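Structure first, then comments.
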Amino acid sequence: MKRVLVACGNGIATSTVVASKIKEYAENERINIKTEQCKLMEVPGKGDDYDLVVTTGQFGGQVKTPVVGGLSLLTGVGKEETLKEILSYLK
Amino acid sequence: MWDAIMSGFDWIIGAGPTVMLPIVITVIGLFFGLKLGKAFKSGLTLGIGFAGIRLLLDYMASNLGPASQAMVDNIGINLDVLDVGWGSIAAVTWSSPIIVFIVISIFAVNILMLLTRTTNTLDVDIWNYHHMAIVGIMVHYVTKNIWLGIGASVVMAITTFKIADWSQPMIEKFFGIPGVSLPTVSATSTLVLAWPLNWLLDRIPGIKKINITLKDVQKYLGFFGDQMVLGLILGSAIGLLGGYDVTTSLQLGVSMAAVLVIIPKMTSLFVEGLMPISEAAQNWSQKKFKDRKLFIGLDAAVVVGNQDVITTALILIPLTIGLAFILPGNRMLPFADLAIIPFRIALIVALTRGNFFKNIILGLATSAAILYAGTITAPILTDLAGSVGIEVAVAGGALLISSFSATSLTHSFLVFFAFVGPLLVTLPTMIVIIGIFWYYFEVMKPKSKQVREQRELEMGEQST
């Protein structure tokens, strides 16, 4: 099972929204994943232990794990493309 | 009939927030077109979040309360207003008996302003309505007048959407996020003070030229950004200052680390519960306004990951604690909300375009304003929390609660004050102040931009 780290400013609000959208999409595609949430500040410390990092905002730090920007999952503009990109890392 | 409805209301209120929240949120969910089952599950999720937060606050008050009392007795510094964090205040907000009317009013204001083209911000981030709602709820609590309460939240909504519009170009430019504005009061509120102050600073000769670059701040101060470590250090320090022995101080430190780590997990239940409602509202309104280019209102969480914001926040966290100790008249002990200082200063950083010197000055000024407003409104907030079953009184003295959100925010404090003061004086004053901001951003600023572009155009023509 692939693990996704979803990060936002406080690890509460927007990351909850994005994480549940990713989960829902993966479920529909019958892919089993696990998501965890954290603050953006914690990504450099934690990110390497995951298969994918999704952030809801600008992320300037460095991690080895691929990072996808998830802003479109909040605005709804370009949502499908982003979900497909996220999924491509989880197959 | 009327009597039956009223006694129904009384029963719901009397049953307390854990029963009321599921019912109230189900009603809000149905209003936004959710199916009954989904709406009820949303409500139940919020009820569970509330139960969790109440449990934690009780734990926090019974541990930190006596310790801060001991600190007051021991070193004579009067910091008896506990900062219990924005999540706890949001929980109090969502469990108010009038929250349904307020949420629907805020949503209606947004739609009306979009229809009349007085705003371009589509704000369906229902969760963050709590910042606008709490002002109305506190006004209602003080005045017992539901219309004044709704009025205060409506004014909060109008001003918040306008500030979101006005700050949008600056946010797009600095953070590089197009098509998005941030009607998050916890982030935009500091602008109310920072806009004029920044204007002043720019007129003091020499200030603009001061350019500090800060390297390695994140390396050395990074632990301030880690809730666990922050809780441990603060808890232990308060214990020691209160004259506790080392063992007891460490126990307090670990308990407080636990509070800071667990509160966000409870708060995220609120977000999870409200998400289907936000989604329904988003789908409905994006369909309704599909021919128009709108700014999607998002939580300011999307910009606080910026490196300049993090660096400034890490410096301001210890400075804010220091400020609390030295500001005369301040009684608020910063604690749970130190973690969200990035939100308070994110837009200041965008305003100064990352000038660290100005960031720190403006950050200190706005933090001081938060501490004072938090101190002044703490008694009302404490009573309000008590009315929904959050009791924080400890043996040997009254303890008050406050936070870095609700009416501690400059914007919210001013609107609150305007609605509970002598209305004939304060309401017209408020309207004049809003008018000045409105005139500056809608008339003066576009004009001066036009003049500037015209001049540049002419200069261009001359040189060719």
Taking 4 °C and 1.567 mPa s as the conditions, I'd like the Stokes-Einstein D for the stretch B:273-396 in µm²/s, using the Kirkwood hydrodynamic radius from alpha carbon pairs.
74
In order over the stretch B:11-22: 3J(HN,Hα) from phi, Karplus 6.51/-1.76/1.60, θ = phi - 60°, whole Hz, x for each Gly or Pro, gives 5, 4, 5, x, 6, x, x, 5, 8, 5, 3, x
Based on the alpha-carbon gyration tensor of the stretch B:12-148 and its eigenvalue square roots a ≥ b ≥ c, which shape applies: rounded if a/c is under 1.5, prolate if not and a/b is larger than b/c, or oblate?
prolate
The stretch B:112-126 - phi-based ³J(HN,Hα) in whole Hz, Karplus 6.51/-1.76/1.60, Gly and Pro as x
4, 5, 5, 5, 8, 6, 8, 9, 10, 8, 9, 10, 10, 7, 3
Net charge contributed by nearby residues that have their C-beta within less than 10 Å of residue B:281 (K/R +1, D/E -1)
-3
HN-Hα J couplings of the stretch A:30-38 from phi, Karplus 6.51/-1.76/1.60, θ = phi - 60°, integer Hz, Gly and Pro as x?
6, 10, 8, 9, 10, 10, 10, 10, 7
Counting DSSP beta bridges in the stretch B:2-421, what percent are antiparallel, to the nearest 5?
10
At 222 nm, what helix-only mean residue ellipticity would chain B give, in deg cm²/dmol to the nearest 500, using -39500 (n - 2.57) for each DSSP H run of four or more?
-24500 deg cm²/dmol
Where a ≥ b ≥ c are root eigenvalues of the Cα gyration tensor, a/c under 1.5 meaning rounded, otherwise prolate if a/b exceeds b/c and oblate otherwise, the protein assembly as shown counts as rounded
Along principal axes, Cα extents of the stretch B:196-305, largest first, whole Å
66, 51, 26
Helix-derived [θ] at 222 nm for chain A: sum -39500 (n - 2.57) over DSSP H runs of at least 4, divide by residue count, nearest 500?
-10500 deg cm²/dmol
Quick one: of the DSSP bridges fully inside the protein assembly as shown, what percent are antiparallel, nearest 5?
5
What distance in nm separates the two pseudo spin-label positions at residue A:77 and residue B:245, each 7 Å out from Cα along the beta-carbon direction?
6.3
Residues other than residue B:440 with Cβ under 14 Å of its Cβ, Lys/Arg counted +1 and Asp/Glu -1, net out at +2
Got the relative contact order for chain B handy, in percent, Cα pairs under 8 Å and 6 or more residues apart?
25
Given a Förster distance of 25 angstrom, what is the FRET efficiency for residue B:439 paired with residue B:208, based on the Cβ-Cβ distance and rounded to 0.05?
0.45
What FRET efficiency would be calculated for the residue pair residue B:3, residue B:144, taking the C-beta separation as r and a Förster radius of 30 Å, to the nearest 0.05?
0.90
Explain nothing, just the number: dipole magnitude of the stretch A:2-88 about its Cα centre with +1 on each Lys and Arg Cβ and -1 on each Asp and Glu Cβ, in debye rounded to the nearest 20.
100
Pull out a ≥ b ≥ c, the square roots of the eigenvalues of the alpha-carbon gyration tensor of chain B, then state rounded if a/c is under 1.5, prolate if not and a/b is larger than b/c, and oblate in the remaining case.
oblate
At R0 = 35 Å, FRET efficiency that the Cβ-Cβ distance of residue B:237 and residue B:290 yields, to 0.05:
0.05
Computed over chain A, the relative contact order (Cα-Cα under 8 Å, seq sep at least six) in percent reads 32
So for the stretch B:281-341, considering every pair of alpha-carbon atoms, how many percent are separated by more than 13 Å?
72
In µm²/s, what is D for the stretch A:2-88 at 37 °C and 0.692 mPa s, where D = kT/(6 pi eta Rh) by Stokes-Einstein and Rh is the Kirkwood radius from Cα pairs?
261
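The numbers here are math on the coordinates, done by the rules we state, and not lab data. The structure presented is a predicted model; accordingly, all values stated were derived computationally and were not measured. We place every Cβ from the backbone using ideal geometry, glycine too, and count neighbours over all the protein chains shown.
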